[in-house]
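First comes the structure, then the notes that go with it.
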Amino acid sequence: MEQKAWKPWALLAPSLSAVLFLLVIPVCFIIVYSFWLRAPTGADIPAFQFGNYQRFFADFFYPSILIRTIRVALETVALCLLMGYIPAYFFYRTESRHKSIFLILIMLPFWISFIIRTLSWINILGDTGLLNHVLLRMGIISEPLGLLYNEGAVLMGLIQYLLPFMILNVYVSLEGIDRSLVEAARSLGSTEWQAFREVVLPLSLPGVSAGCLLVFVLTAGTYLPPMILGGPGNDMIANLIFKRVIGTLDWPFGSAISVILLGILGTIVYTYNRYLGINQIFKTFQ
Amino acid sequence: MSQELQDRLDRLYEDFTSGKISRRNFIKYLGMAGAAAGLVGGPFSMLTKAQAAETIRFDGWGGTTSEAFRKHAFDPFEKVTGVKVIDGEFGDMDTYLTRVKASFPPGGEFNLAHLSGVFDYARYVGLELDTALDESKIPNLRYVMTAMMQPYKDITDGKLSAVPYDLGQTGIAYNTKYISKEKAEKLGASLLWDKELNGKLGSWGDWRTNIWYGALHTGQNPNEIKDLDAVWDALRKQRDMVKKYWASGAELMSLLANEEIYATVAWSGRVAHLQNQGEPIAFLAPDNCYSWQECIFVLKGTDLDTAHKLLDFMLAPEAAIAVAEAQQYPPSLDPTKIEMPESVKKLPAFDPTGQLKGYLFADPAYWNGHQMEWAEKWDRIKAGA
């Protein structure tokens, strides 16, 4: 019996070591750094003080960027849900023999670098980009529309990055629904819409919430779409961390902002897990 | 997804669009760029360190600059000495300094770096990453402009931890299809506040450059700003007219070439590249234009014998001039001591006197002393505060 007790741990050791060395210890470093001070030369001074956290909340500037990040993340979640549920439902209902190809198409964007996908929007939305070019040639507009370097462009970049995550989560949840339940509802006299509203939609909510959580967390931590597609005033919290760590070598303050973001996202994930269970997300990737 | 990888892809795309590399090579280099990111920055750096005696690492701006160094300095150097030069790349100074600071011991795996600005030299010295070069072992140093060496010596008590290598200016690039030369010259730095260009202005995201131009617009000496509030107000006004704060040279060139913006602060060498591509972009160096000089910095812990030899190779006139022609920035060599070809004499920021009188450089003590406060303030303004 004793001989068997260590076996699971031995099998888990490589994974646990990876988590320990690549996640837990670096996060601990960041937490420790957040209490340190920065010397004028850029060197770090070991200390234990809360000045970096006080600085974050000292005026509304930094919290306002955090609020903007949460707002953009919520907008992204809402748009991804709206745009993602319909294709997921289509994949669930279709009996096409090409269904597997449709699913591969959802994964297709992941085969191309995220940076290149984001940069490609410049050629589509720019003043001399495809969209403005077509509209101008058709005579619909007389001068280019300002489609790039604003929050709309940032949202577009975020959606193209995160939509597959939403579709897959919802699709997995829909696939788990017993189709006979829908047939039963229909045989009892409900319309197609009623069957969807009363049966399919409630049963797909775990997948919807898992997709929402994933999209929200990934949006809150991203910095490339705002940097490439955003204009003045579109920075999100990850851009701020980047500037503090890279731009001013202020690692202690950058670490403090990271810890605050980590705390907020951790609270959201904890709350989600407590009421809905985080297992749904893992099902998507099984 | 690292900033470094993005910068590398930016430069690769820029070379592809400018016709410097074929579609086939573009695809090939795309793969190599990714692999190089892993090899140079990853665990293989440990291996590099282990080979320190036979190798020396040089980190530069990549793209055409690195190609020029490789062709005109590193390859001949390797042939003569047998010492291998390992090329590293960075996208900007701040990112590189972060990597150096994060290495263990700080600066450990890095040797030589193509740093920008005397203020950067001061930052490395402030972090105790400097060393003391033996000038007698770099004979070609005698060709270098004294005016470019002195600022470094002033920081390190008469010694050098770097050799000056080239110089340039951050002036104003404007599209001649939409802005006349007369108007640009009349307005000078204030062209970047012209209301007619609302929504068609760009700027670099860098705090120092924006404050410098804010000072020029408000009629102040950038190295001794008396009315800082006026500068902040000017930058707020400008922000509302700016379409994009660009983050890399490739992005700057793309914005100008695609007519997303008609005027912006710009690096002289990048404007020269655009002009060579036939774009209708002109360069304006307003009064007290932001001038800067780049150096090859030797980091603490580097094998100095090898470093001396390589630096001397790089300062040899044939190598320095070839690099200058490729990167479109004048070399640090004194034109009164070395005859320069016409191609170099035509470059923006070239000074035939070798005295650099009238060139205004950022005072390292002044700007580094305000970095924390001003960089944060600038971030706030840029974000809409």
Handout entry: Flag if A:Ser187 is more than 30 Å from A:Arg244 (Cα to Cα), hydroxyl-bearing (Ser, Thr, Tyr) and in contact (Cβ under 8 Å) with a residue 24 or more places away in the chain
Key = no
Exercise for the section: Could you run through the range A:243-273 and say how many residues are open to solvent by 20 Å² or more (accessible area, probe 1.4 Å), within 14 Å of chain B (Cβ to nearest Cβ) and in contact (Cβ under 8 Å) with a residue 24 or more places away in the chain? Expected result: 1
Completion exercise
Picking from A:Asn150, A:Asn169, the residue that is open to solvent by 20 Å² or more (accessible area, probe 1.4 Å), of a type in the set (S, T, N, Q) and touching a Leu at 6+ places or on another chain (Cβ under 9 Å) would be A:Asn150
Problem - Those helices (runs of 4 or more DSSP H) lying entirely in the range B:154-262 with at least 2 residues within 14 Å of chain A (Cβ to nearest Cβ) and of a type in the set (Gly, Ala, Ser) - result: B:249-257
Exercise for the section: Answer yes if at least one residue in the range A:191-206 is touching a helix residue (DSSP H, G or I) at 6+ places or on another chain (Cβ under 8 Å), open to solvent by 40 Å² or more (accessible area, probe 1.4 Å), among the hydroxyl-bearing types (Ser, Thr, Tyr) and without any contact (Cβ under 8 Å) to a residue 24 or more places away in the chain, and no otherwise. Expected result: no
Completion exercise
When (1) within 30 Å of B:Gly199 (Cβ to Cβ); (2) part of a helix (DSSP H, G or I); (3) out of contact with any Asp or Glu (no Cβ under 8 Å at 6 or more places or on another chain) are applied to A:Thr222, the one that fails is (2)
Practice task
Filter the range A:84-95 down to residues that are open to solvent by 100 Å² or more (accessible area, probe 1.4 Å) and either farther than 17 Å from A:Glu192 by Cα or part of a loop (DSSP other than H, G, I, E, B) (or both), then give me how many there are.
Solution key: 1
Practice task
Could you tell me whether any residue of the range B:318-326 is surrounded by fewer than 18 Cβ atoms within 10 Å (Cβ to Cβ), within 14 Å of another protein chain (Cβ to nearest Cβ) and not small (Gly, Ala, Ser)?
Solution key: no
Practice task
Would you be able to say whether some residue in the range A:74-83 is open to solvent by 50 Å² or more (accessible area, probe 1.4 Å), touching a Phe, Trp or Tyr at 6+ places or on another chain (Cβ under 9 Å) and not in a helix (DSSP H, G or I)?
Solution key: no
Fill in the blank from the handout: Subset of the range A:111-167, residues among the acidic types (Asp, Glu) and in contact (Cβ under 8 Å) with a residue 24 or more places away in the chain, comes to A:Glu151
Practice task
Looking only at the range B:76-126, count how many residues are within 14 Å of chain A (Cβ to nearest Cβ), part of a loop (DSSP other than H, G, I, E, B), of a type in the set (Phe, Trp, Tyr) and open to solvent by less than 30 Å² (accessible area, probe 1.4 Å).
Solution key: 1
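The values are calculated or read from the model by the stated rules, or taken from the named source; none is laboratory data. Worth saying up front: this structure is predicted, and the values here are computed from it rather than measured. As a convention, Cβ positions derive from the backbone with ideal geometry for all residues, glycine included, and neighbour counts pool all protein chains shown. These area figures cover heavy atoms from the full protein model, side chains too; ligands, DNA and RNA do not enter into them. Shrake-Rupley method; radii C 1.70, N 1.55, O 1.52, S 1.80 Å.
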